[in-house]
Amino acid sequence: MPDRVYLHPIDPELIPGARNAIDVCLRLKPQERITIITDTATREIAAALQKEVERVGSNYSLFVLEHHARRPLAHMPEIILDDLALSQVSIFAAQTQPGELTARTQMTSVVNNHKIRHGHMVNINREIMLEGMRADFLKIDELSQRLVERARQVKRITCKTPHGTEFEAELSPKLKWLKTSGLIRKDKWGNLPGGEIFTAPQNTNGIFVVDGVVGDYLCERFGDLKDNPLTIEVENSRIVDLRSENKDLRDEFRAYTSTDENSNRVGEFAIGTNTACTHIIGHILQDEKIPGVHIAFGHPYAEHTGANWISKTHIDCVGRDFDIWFNGEQVMKGGKFLV
C-alpha cells in the first residue's frame, strides 16, 4: 500500500486546483502509474493530489523527501529515481532549499529520458492552489500557441516598463521556442501552474528592473521586490552591473550568479501567459506566469532549446507592467495582451 499523507479531512479549497492538475494538466488515466514526490511542508497539498489520483484509480507511489534523506538534498534518493522510471506521470510538490538544484536536475533527467508527463510544483502553496492552479488551462494553451507561433517568426523582441526596464533579446531560428501552458506532454515537463513561452536568446542587452520577484531560494527570503527592486544591466547576455537599495539582495544575487562561468549569462527569455495570475504574490512559481516578460540567468534548458552551453544554476527574474514588441509590432501594453 503506498504511503499516505492525509490522516485528517482534506481542505476542500485545495480540491479544484488538485483536480485541475490531475485531470486537465496531466490527463492521468486509470491504467497509468504516477509518482508523487513531496515533503513535510507541502503535505496538505500532496494529500489533495493523492486523493485525486485515488479518485482516478491509478496505481501510484508517494515519497516524502524527509523520510528518505537529510535536507537539503545532496542527491535525489535512488529509491525515488528508480520508482520514477516506472511511471508515465509524475509530480514534484515540495519546497526548495539552498543547494538542491542538483537533486532536482537528477529527477528531471529521469523525466526527460523516460518521456514522463511531469508536473513541477516547486514551492507550491495554498495561495497558488487557489489562484494560478484554478486557471482555465485550455484557454491559456490557446493564447500560448498563438503567441509562440508568432515568436518563432521574429528576430528581435523588445520590452519596456514604467519602472525603468528597457531590454532587447535577439533570437535565432536555431534556438527553439517552447510552450509550457499547463497542458503537460511527454516531450517537455512543465511547471504547475503553467502559462509561459520561452527560449534561450542568442543575445540580450539592456536594463532589466526586477520589481516582481527573483527565483530559487532567494524568492522566499526577499519576496515581493516592488519597494526595493533589483536593477540588472546586461551587455552581450552577461551581467555587468547590479544595483539595489537592498544590499543583502544585491550581494546574494551576485553570489548566486557567480557560481560558475555561465551563472551570470541570460539563459532564458520568457513571456508569461497565465491570465489567472493578476498580481505579484511573492512566489516565483506563480509570479513568473503573470503576463509579461521574465528572464533567467544560468542554465538555458539546453536539452530543449538547443543552446550549446550549460550552467549549474538557474535563477528567474520577474518585472511588472510590460509593453512588448515583436519586430517592432506591439503585442502587449501595460501587461495586457493585444493578440
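The values are calculated or read from the model by the stated rules, or taken from the named source; none is laboratory data. This is a predicted model, so every value here is computed, not measured. So basically every Cβ, Gly included, is an ideal-geometry build from the backbone, and we count neighbours across all protein chains shown. Side chains are part of the model used for accessible areas, which takes the heavy atoms of the whole protein and leaves out ligands, DNA and RNA. Shrake-Rupley method; radii C 1.70, N 1.55, O 1.52, S 1.80 Å.
So that you can scan it fast, the table gives a plain yes or no per residue for (1) open to solvent by 20 Å² or more (accessible area, probe 1.4 Å); (2) among the charged types (D, E, K, R); (3) in a strand (DSSP E or B); (4) closer than 20 Å to residue 132 by Cα:
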site: 286; (1), (2), (3), (4): no, no, no, yes
site: 292; (1), (2), (3), (4): no, no, yes, yes
site: 304; (1), (2), (3), (4): yes, no, no, no
site: 308; (1), (2), (3), (4): yes, no, no, no
site: 312; (1), (2), (3), (4): yes, yes, no, no
site: 331; (1), (2), (3), (4): no, no, yes, no
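Table: residues versus (1) touching a Phe, Trp or Tyr at 6+ places or on another chain (Cβ under 7 Å); (2) within 19 Å of residue 5 (Cβ to Cβ); (3) basic (Lys, Arg).
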position: 98; (1), (2), (3): yes, no, no
position: 102; (1), (2), (3): no, no, no
position: 105; (1), (2), (3): no, no, no
position: 110; (1), (2), (3): no, no, no
position: 124; (1), (2), (3): no, yes, no
position: 139; (1), (2), (3): no, no, yes
Elements of type helices (runs of 4 or more DSSP H) contained in region 48-130, each with 2 or more residues being in contact with a strand residue (DSSP E or B) (Cβ under 8 Å, 6 or more places away or on another chain): 78-84, 101-114
Of the residues in region 314-329, those that are part of a strand (DSSP E or B) and surrounded by 13 or more Cβ atoms within 10 Å (Cβ to Cβ) come to 314, 315, 316, 317, 318, 323, 324, 325, 326
For region 158-170, does any single residue satisfy the condition of being in contact with a Gly (Cβ under 7 Å, 6 or more places away or on another chain), open to solvent by 70 Å² or more (accessible area, probe 1.4 Å) and farther than 30 Å from residue 204 by Cα? no
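Here are 96, 38, 102: which of them is buried (at least 22 other Cβ atoms within 10 Å of the Cβ), within 21 Å of the chain's Cα centre (by Cα) and β-branched (Val, Ile, Thr)? Walk me through how you get there before you give the answer.
On the way: 96 fails: buried (at least 22 other Cβ atoms within 10 Å of the Cβ); 102 fails: buried (at least 22 other Cβ atoms within 10 Å of the Cβ).
From the options 96, 38, 102, the qualifying one is 38.
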In region 209-241, residue surrounded by the fewest Cβ atoms within 10 Å (Cβ to Cβ) [restricted to those that are of a type outside the set (D, E, K, R), out of contact with any His (no Cβ under 9 Å at 6 or more places or on another chain) and more than 18 Å from residue 263 (Cα to Cα)]: 228
Among (1) open to solvent by 40 Å² or more (accessible area, probe 1.4 Å); (2) touching a Phe, Trp or Tyr at 6+ places or on another chain (Cβ under 6 Å); (3) part of a helix (DSSP H, G or I); (4) not polar (S, T, N, Q), which single condition is residue 19 missing? (2)
Out of curiosity, is residue 142 under 18 Å from residue 281 (Cβ atoms) and either assigned to a strand (DSSP E or B) or open to solvent by 10 Å² or more (accessible area, probe 1.4 Å) (or both)? no
Looking only at residues that are in contact with a helix residue (DSSP H, G or I) (Cβ under 7 Å, 6 or more places away or on another chain) and either open to solvent by 20 Å² or more (accessible area, probe 1.4 Å) or at pLDDT below 95 (or both) in region 182-193, which one is farthest from residue 129 (Cα to Cα)? 188
Go through region 22-40 and count every residue that is outside any loop (DSSP other than H, G, I, E, B) and either more than 19 Å from residue 182 (Cβ to Cβ) or modelled with pLDDT under 95 (or both). 5
Residue by residue through region 235-276, note down the ones that are within 26 Å of residue 291 (Cβ to Cβ), small (Gly, Ala, Ser) and without any contact (Cβ under 8 Å) to a residue 40 or more places away in the chain. 237, 244
